[in-house]
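Chemist: Please find one structure pasted underneath; my questions will follow.
What follows draws every value from the coordinates through simple rules; no lab data is involved. Here the structure is a predicted model, which means the values were calculated and not measured. No Cβ is skipped: glycine too gets one built from the backbone with ideal geometry, and neighbour counts run over all protein chains shown.
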């Protein structure tokens, strides 16, 4: 479905959305980049987080820019022992920096998993 500008409705993705489920599966195999960087113990499974800092629209970033976060650092619904980005974007940034700072490292680690 498109509008007069031939764009998909806001919040919906088109074929150029950057979806890459295989990449997300590899990101989920990695340890939480925050637990690892800050010497914390990971108590919950890794989830793929699409960065939200410095995003200037409501559109999700491409899957290949996602980073590995444990559930505690991501949503914080089950593991409440950590600072979860979706429970406090500003406090998370003050403690760990921008979530975008972890994209390149994640891409390098995924490439290593693929033997590249």
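Chemist: Select from segment 29-59 the residues that are part of a loop (DSSP other than H, G, I, E, B), in contact (Cβ under 8 Å) with a residue 24 or more places away in the chain and within 10 Å of the chain's Cα centre (by Cα) and write down the one among them that is nearest to residue 91 (Cα to Cα).
Modeler: Only one residue tops the list, namely 52.
Chemist: Condition first: outside any helix (DSSP H, G or I) and closer than 20 Å to residue 71 by Cα. Now tell me which residues in segment 92-116 satisfy that. Don't jump to the end; show me each part of the working.
Modeler: First, pick out the residues of segment 92-116 that are outside any helix (DSSP H, G or I): 97-98, 114-116.
Selection gives 97, 98.
Chemist: Could you tell me how many of the residues in segment 66-91 are closer than 15 Å to residue 47 by Cβ and in a helix (DSSP H, G or I)?
Modeler: Number of matching residues: 7.
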